[in-house]
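This report refers to the structure that appears directly beneath it.
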Amino acid sequence: MKKKILQFYAHSKENETFDKWQTIEDHLKGVAYLSEQFGKEFSSDKFAKISGCFHDLGKYSQEFQNRLINNGEKVDHATAGAQFIYERYGHQFGKLMSYVIAGHHSGLPNGNENETSDLKNRLKKTVCEYRTNIDTKYEQLEITNEDFPFKNLDIVDGFDLSFFIRMVFSCVVDADFLDTERFMDTEKSENRKGYLPLNKLREKLDSHLRKLVDKKKNINIIRNRILQNCLTAADSKRGCFSLTVPTGGGKTFSSLAFALKHAIKNNQRRIIYVIPYTNIIEQNAEVMRSILGDDAVIEHHSNIDPSKEHYRSKLASENWDAPIIVTTNVQFFESLFAYRGSRCRKLHNIANSIVIFDEAQMLPVDLLKPCLRTLTALTKCYNTSIVLCTATQPFLEKNKQLKEGLTDVKEIITEPQKLYNDLKRVKVNILKERVATEVLAEKLRKHEKVLCIVSTKKLAFELFDKISDLSNVYHLSSLMCPVHRSEIIKQIKADLKDKETCRVISTQLIEAGVDIDFPIVYRAIAGIDSIAQAAGRCNREGKLSTGIVNVFFPENGTPPGFLRKSAETAEIVLGHHLNALSLESVEEYFKRLYQDSDLDKFNIIQELNSCASDLDFSFRLVAQRFQMIRNDTKTLIIPWGEEGEKRVDALRSCFNETKDIIRNLQRYTIQIHPHSLEKIKDNFEIIKDEYWVLNKMKIYSKETGLILETETNYETIIV
């Protein structure tokens, strides 16, 4: 006969007596309370509270207590709560919450995929006998349609319902983690607190802006006008905004000023900067830290420099509970379509925040519709303000072709066309004849300071090779690890400042926020947004009356795929406009590009909407489909310099957890296709059966990076 248990525990502490353990009642009340607070930010506190209260109901069983006390076998303690909630609240509300509870450890299950782990089978599963007579005040809570956050949507479909489940799921998994941490590791829990409030950060930014020098310079007069437009617009209610500012207009400071004032006025909690490229993140985050302090700005991306991290920043990156988050498109959107708790913990902290999309034109075309539906949901239902910030504003508003487009978008700049005219610093020439590589190289030789941007690593290498006999010639591509590229960019900036000559051949990665200024730029034909980015590296500070951007057509054409499609679209549009970078040219470009593209290539919206009637959502399938980086590349670690060698040695000698070591090696990696990796297999080793490390640096050039003679594919940028 089993011994009757008088007290039930949720968590134990090693070498501590039972009276030091956490009871299930305390844990459920703690999680219910935190979940409720999180859910209040988007008017879903009842759903979150009830889900939190019953998430660990299955721990009220002798089987689970035996596991805790005697280190017994694992027990499925999540299914019991899911079944209880489903029976108590029915097929609609109950099923929505049962997803949350069933998945709070293993991740959101699929609804009905004819597998034992899907929700349908979990709700039928025989579970251990458990106690149900817990606090009746939770069982007595009723839920109605008024408890949904959907009051501002015309219709509520499967996409919106699945998004809602994911947001409530986020509340519960984060609350579960935080309450458990509070019990298990008080010191760690306390380290999550103590960030400066937004009003104090605004005071710091205002102080910095007052100290800016050279206020009489024309460029600074224009930047101040942009800033004033942002401060005026910040008084608006929550919503969707666009900030259309040419490159060099100071939009980082201005958008931050908008966000801080707007957040304080509307009682919003944090500012999230979403940026397409990791090297822009590093640059922008560094600027923000210098003004607001190291502790205020949290970077969350795969390529973060470990020297910029500290204990509190690592904690904040888990759930984005900090005043300012700087992250990537990949991290932001893939988390919003994820099913695992570790990826979803942060989602509830997006609610009631301000999200700024720097370089908004970089939203992925083949996932554009799901992205826009997400932005609509955030602004209409989750009290979030969105700012689309770019020099080339994509045409994202709702129309006949883009029914999922945004509505009620308010432009922050009062006179965008006048601003473009005032900030015009370059002339774009279209060289209509195809240019042979030899001819292009000769053109570059004639300029003392010139930047040439191409779309393939092969062409970048060939051009560099043809002019490398000159002094101060540099090459940049993704065949160089980030640390190596950073060193080269630092040298380029020094040469531009101190030397008479500087010639740079680069793939498009240099367009991603690298703050350099050339008098003349050559750009291989590409999308108009890319041409505008290239123009942003020309006469950036307005030191010349006019900088020159020459757009040319390479003799071997443009690589297939999206690059070719965007280049061909740009070619058509350029034939219609004298000014390649005019607002009209940009608008036509994006309209044509979107009209001719599949904007939901992987049928994500259709998949979610088809599940609405039975609420059988395919969370795991959708997460698999929504991937912003789709390639079959492998990661190769480059032991660049003494520091790189030291970090590789640490990987070799490590016998336990390698997570932090690999994180520290992110800036020493490149992405390489498997067929290319096979051709250099005699030059690398595999450490711990999974990490590829270059061990013969003879095939890694200090000028051009990894030497791959047959490498012909176009540049891949990790976003």
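Brief remarks on what is shown
- Segment 598-619, subset among the small types (Gly, Ala, Ser) and either crowded, with 16+ Cβ neighbours inside 10 Å or without any contact (Cβ under 8 Å) to a residue 40 or more places away in the chain (or both), residue farthest from Tyr691 (Cα to Cα): Ser613
- The condition of being within 33 Å of the chain's Cα centre (by Cα), more than 24 Å from Gly527 (Cα to Cα), acidic (Asp, Glu) and assigned to a helix (DSSP H, G or I) holds for only one of Glu487, Glu442, that being Glu487.
- Test: Val622 is more than 30 Å from Leu372 (Cα to Cα), part of a helix (DSSP H, G or I) and either free of Cβ contacts under 8 Å to residues at least 40 places away in the same chain or not assigned by TED's automatic domain parsing to the domain that holds His484 (or both): no
- Some residue of segment 500-518 being touching a strand residue (DSSP E or B) at 6+ places or on another chain (Cβ under 6 Å) and of a type in the set (Asp, Glu): no
- Entirely in segment 176-267, the helices (runs of 4 or more DSSP H) that have 2 or more residues that are farther than 30 Å from Ser35 by Cβ and in contact with a helix residue (DSSP H, G or I) (Cβ under 8 Å, 6 or more places away or on another chain): 198-211, 218-233, 251-265
- Residue in segment 645-659 that is within 27 Å of Leu367 (Cβ to Cβ), outside any helix (DSSP H, G or I), of a type in the set (A, V, I, L, M, F, W, C) and out of contact with any Lys or Arg (no Cβ under 7 Å at 6 or more places or on another chain) present: no
- Out of Glu63, Glu87, sole residue that is part of a helix (DSSP H, G or I), more than 30 Å from Phe18 (Cα to Cα), of a type outside the set (Lys, Arg) and in the same structural domain as Cys128 (by TED's automatic domain parsing): Glu87
- Selection status of Phe47, assigned to a loop (DSSP other than H, G, I, E, B) and under 40 Å from the mean Cα position of the chain (by Cα): no
Here's the yes/no breakdown for (1) in a loop (DSSP other than H, G, I, E, B); (2) within 19 Å of Met288 (Cβ to Cβ); (3) touching a Cys at 6+ places or on another chain (Cβ under 9 Å):
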| site | (1), (2), (3) |
| --- | --- |
| Glu318 | no, no, no |
| Asp321 | yes, yes, no |
| Thr327 | no, yes, no |
| Tyr339 | yes, no, no |
| Phe357 | no, yes, yes |
| Gln361 | no, no, no |
| Leu368 | no, no, no |
| Leu375 | no, no, yes |
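- Among residues of segment 633-646 that are farther than 10 Å from Ile672 by Cα, those with a Cβ under 7 angstrom from a residue that is among the acidic types (Asp, Glu), sequence gap 6+ or separate chain, pair up as Pro639/Glu645.
- Flag for Phe518 being in contact (Cβ under 8 Å) with a residue 12 or more places away in the chain and over 23 Å from Gln283 (Cα atoms): no
- Count of segment 249-279 residues, restricted to those that are over 22 Å from Lys346 (Cα atoms) and touching an Asp or Glu at 6+ places or on another chain (Cβ under 7 Å), is 1.
- Within segment 311-323, residues that are assigned by TED's automatic domain parsing to the domain that holds Lys261 and crowded, with 17+ Cβ neighbours inside 10 Å reach partners that are of a type in the set (Ser, Thr, Tyr) and assigned to a loop (DSSP other than H, G, I, E, B) with beta carbons closer than 6 Å, at six or more positions or on different chains, in the pairs Ala322/Tyr195; Pro323/Tyr195.
- Odd one out for Ser545, checked against (1) touching a Lys or Arg at 6+ places or on another chain (Cβ under 7 Å); (2) free of Cβ contacts under 8 Å to residues at least 12 places away in the same chain: (1)
- Flag if His11 is surrounded by fewer than 24 Cβ atoms within 10 Å (Cβ to Cβ), touching a His at 6+ places or on another chain (Cβ under 8 Å) and touching a residue at least 40 places away in the same chain (Cβ under 8 Å): yes
- Scanning segment 620-674 for residues that are of a type in the set (Lys, Arg) and touching a helix residue (DSSP H, G or I) at 6+ places or on another chain (Cβ under 6 Å) returns Arg625, Lys634, Arg647, Arg667.
- The listed residues are Ser290, Ser236, Ser207, Ser242, and the only one of them that is buried (at least 19 other Cβ atoms within 10 Å of the Cβ), at pLDDT 85 or above and outside the structural domain of Pro482 (by TED's automatic domain parsing) turns out to be Ser242.
- From the list Glu41, Glu87, Glu36, the one residue that fits, being touching a Phe, Trp or Tyr at 6+ places or on another chain (Cβ under 9 Å) and either closer than 30 Å to Asp616 by Cα or touching a residue at least 24 places away in the same chain (Cβ under 8 Å) (or both), is Glu41.
The values are calculated or read from the model by the stated rules, or taken from the named source; none is laboratory data. The shown structure was predicted, so the numbers you read here are calculated from the model rather than taken from an experiment. In this analysis, Cβ positions are derived from the backbone assuming ideal geometry, glycine residues included, and neighbour counts consider all displayed protein chains.
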